[in-house]
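Below is one structure; the comments refer to it alone.
Bear in mind that the values in this text are calculations on the coordinates, not laboratory data. These numbers were taken from a predicted model, which means no experiment stands behind them. Heads up, the Cβs are rebuilt from the backbone with ideal geometry, glycines too, and the neighbour counts pull from every protein chain shown.
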Amino acid sequence: MSPVKIKAEGNKYLYIKWDDNSEQRIKLSNLRTNCPCAICTTERNGKSSNYFPIYSNDELSIKKINLVGSYGMSIEWKDHHNTGIYEFNFIKKL
């Protein structure tokens, strides 16, 4: 499974069309909340289950999307956060 098309829709959604012809719109806040990088994972694990992050516009605006091999992508957010690699299987489950 791999994307055929990926595009940011403003600072609200990431649109993905997959090679199986399915389409997906993911809230950018959901992507940012589930960032798989070590820093975000550590911060998330240190919070209570009731923690609800509030993001600025820069934290929810995509500056650049890069494919990582054939298995994932990295997102550079406008606030320069860019260390997470989102595997396609992980994204498909979101």
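Three principal axis extents, largest first, for the C-alpha atoms of the chain, in Å?
38, 23, 22
Quick check for me: using +1 on Lys/Arg Cβ and -1 on Asp/Glu Cβ, what's the dipole size of the chain about its Cα centre, in debye to the nearest 20?
Roughly 160 debye for the chain.
How large is ³J(HN,Hα), in whole Hz, for each residue of region 57-72 in order, when computed from phi with the Karplus curve 6.51 cos²θ - 1.76 cosθ + 1.60 and θ = phi - 60°, using x for Gly and Pro?
Each residue's phi maps through the Karplus curve to give 4, 5, 6, 10, 10, 8, 8, 7, 10, 10, 6, 10, x, 10, 10, x Hz.
Defining a contact as two alpha carbons under 8 Å apart and six or more residues distant in sequence, what relative contact order in percent does region 29-93 show?
Contact order relative to length: 28 percent.
So for each of 61-68, 74-81, 44-51 I average, over its residues, the number of other beta carbons within 10 Å; can you give me the resulting order with the highest mean first?
Order by mean packing, descending: 74-81, 61-68, 44-51.
Can you list the residues of region 76-94 with backbone N under 13 Å from a point 7 Å past the Cα of Asn66, pointing along Cα to Cβ?
76-77, 81-86
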